[in-house]
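Here the structure comes first, spelled out in structure tokens, and everything after it is commentary.
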Amino acid sequence: MNPAAPAPTPVPIHDIVGPVWFFPWPVWVVVCVGLGALLLLGVLIWGLRSFLARKKPPTAKERALAALESLRNSVAGADPYAFGITVSDAIRNYIHDQHGLQATTQTSLEFLEGIRTNPVFSDNEKAGLSAFLEKTDLLKYARAEAGESEMIGLLETAGRLVRAEVQPGKNTEVAP
């Protein structure tokens, strides 16, 4: 190297650059999206819980009372035969669903004999069921005539049976 030769120019040194942001979005966007996602998740959970709470299936008692109430609205001018079948089915389905007894597949006599020693029903309830089934059997099988007041009486007896407020024989007279 020749001392008289000019020194080569050094390569320029650039300044140090600050940290490089490797995340593609700004922090405020990430925070807003995260809060929005949490809010959406909270709304979905709240909506699902309220939806499930509303969709709780009705109990056997609620179904029976609803069936009896719908019958009450159609008593005027109802055919006693069809009324007897419907009100009897409502009570028999209730007993089947609530107590697991075969009320829907047995005759009234078989059913009453089966519950004679069953502790599920009190003596008062058994007497009420007996009177109720006798009246509905008269409507179904003997095609007995029943006026509006007799049908309403049967509905009231059925309602008391479902609510366990039985008073046997009260207001359930059906003309043979």
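Using a simple charge model, +1 on the beta-carbon of Lys and Arg, -1 on the beta-carbon of Asp and Glu, nothing else, what dipole does the stretch 60-163 show about its Cα centre, in debye to the nearest 20? Kindly include the intermediate steps, with their values, before the conclusion.
Values: 11 positive and 15 negative charges, 38 e Å.
It works out to roughly 180 debye.
Only one residue of Val30, Gly84, Pro58 has its Cα farthest out toward the positive end of the dipole of the chain, where Lys and Arg carry +1 and Asp and Glu -1 on Cβ, and that residue is Val30.
Rounded to two decimals, the Cα-based Rg/Rh of the chain, with Kirkwood Rh, is 1.79.
Using Cα springs under 10 Å in a Gaussian network model of the chain, which residue among Pro12, Pro26, Pro119 shows the largest mean-square fluctuation? Comparing Pro12, Pro26, Pro119 in the GNM, the peak value goes to Pro12.
Answer with one residue from Asn73, Ala127, Gly47: the one whose Cα lies farthest towards the positive end of the charge dipole of the stretch 39-136, charges on Cβ with Lys, Arg +1 and Asp, Glu -1. Selected residue: Gly47. Per-residue Cβ neighbour counts within 10 Å put Asp123, Asp89 in the sequence Asp123, Asp89, beginning with the fewest. Using Cβ point charges alone (K and R +1, D and E -1), the dipole size of the chain about the Cα centre works out to roughly 500 debye. Counting lysine pairs in the chain that sit 8 or more residues apart in sequence, or on different chains, and whose Cα atoms lie under 19 Å apart gives 4.
Here is the list for the stretch 1-57: trypsin sites (Lys or Arg not before Pro) lying in DSSP coil, each with at most 11 other C-beta atoms within 10 angstrom of its C-beta, are Lys55.
Considering the convex hull of the alpha carbon atoms of the stretch 60-163, report its projected area averaged over all viewing directions, in nm², one decimal. Numbers along the way, then the final one.
Values: hull surface 23.1 nm².
The orientation-averaged projected area of the Cα hull of the stretch 60-163 comes to 5.8 nm².
Among Arg116, Arg63, a tally of other beta-carbon atoms within 10 Å of each Cβ gives an order, fewest to most, of Arg116, Arg63.
List the chymotrypsin sites (Phe, Trp or Tyr not before Pro) within the stretch 1-41 that DSSP assigns to loop and that have no more than 11 neighbouring Cβ atoms inside 10 Å. Walk me through the numbers before you get to the answer.
Details: sites: Trp21, Phe22, Trp28; in loops: Trp21, Phe22.
Loop-located and lightly packed - Trp21, Phe22.
For the options Gly100, Gly114, Gly47, a Gaussian network treatment of the chain with springs between C-alpha atoms closer than 10 Å singles out Gly47 as fluctuating the most.
Computed from the coordinates by the stated procedures, all read-outs in this text should not be read as laboratory data. As the structure is a computational prediction, the values presented were derived from the model and not from experiment. Here the Cβ is made from the backbone with ideal geometry for all residues, glycine too, and neighbour counts use every protein chain on show.
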